[in-house]
Amino acid sequence: MQARRNDPCPCGSGKKYKHCCAVKAQKSQLLGTIGVAAFILITGFVIAEVIRGAKSEQVVPEGYVWSEEHGHLHRVEGGAGGDGIEPPAGATWSDEHGHYHGPDGRAITWNAAQGVWLNEDGIAIP
């Protein structure tokens, strides 16, 4: 059975529990809580740095630059799409944005892995 606040301390000091071991227990619990909070904060910062580092280490193909403002790759200059592939009919080059826009005015990009032009939603453009 656990000692109550006004009981004699079970350690044998002769003091009331609330003036002896209860204080030590509270300090120990506080230190544990602080330790857990510090661990969570440090882990959060480490995860944020890993994510930030992964974003900064993205492989950018030759002839392209990453646009932080737009959140995607831009070709360095106008002309044919990736790998010299011509854009779909009705597409126009935007010098301002550094990529092609489809007939609907939305950005399109060449996906060499799939061998297709994709709109902003990742849907293939015929």
| field | Enumeration of residues in region 76-92 that are outside any helix (DSSP H, G or I) and at pLDDT below 75 | value | Val76, Glu77, Gly78, Gly79, Ala80, Gly81, Ile85
| Does region 19-42 contain any residue that is open to solvent by less than 60 Å² (accessible area, probe 1.4 Å), part of a loop (DSSP other than H, G, I, E, B) and either over 26 Å from Ala124 (Cβ atoms) or at pLDDT below 80 (or both)? | yes
| request: Look at Arg106 and say whether it is at pLDDT below 75 and open to solvent by 40 Å² or more (accessible area, probe 1.4 Å). | output: no
| query | Do any residues in region 52-75 that are under 18 Å from Trp117 (Cβ atoms) and modelled with pLDDT of 70 or more have Cβ atoms under 9 Å from those of residues that are part of a loop (DSSP other than H, G, I, E, B) and β-branched (Val, Ile, Thr), where the two are at least six apart or on different chains, and which pairs are they? | reply | Gly63/Val76; Tyr64/Val76; Leu73/Val60
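The values are calculated or read from the model by the stated rules, or taken from the named source; none is laboratory data. Note that the coordinates shown come from a computational prediction; the quantities given were computed from them, not determined experimentally. Here the Cβ is made from the backbone with ideal geometry for all residues, glycine too, and neighbour counts use every protein chain on show. Note: accessible area is taken over every heavy atom of the protein model, side chains too, but ligands, DNA and RNA are not part of it. Shrake-Rupley method; radii C 1.70, N 1.55, O 1.52, S 1.80 Å.
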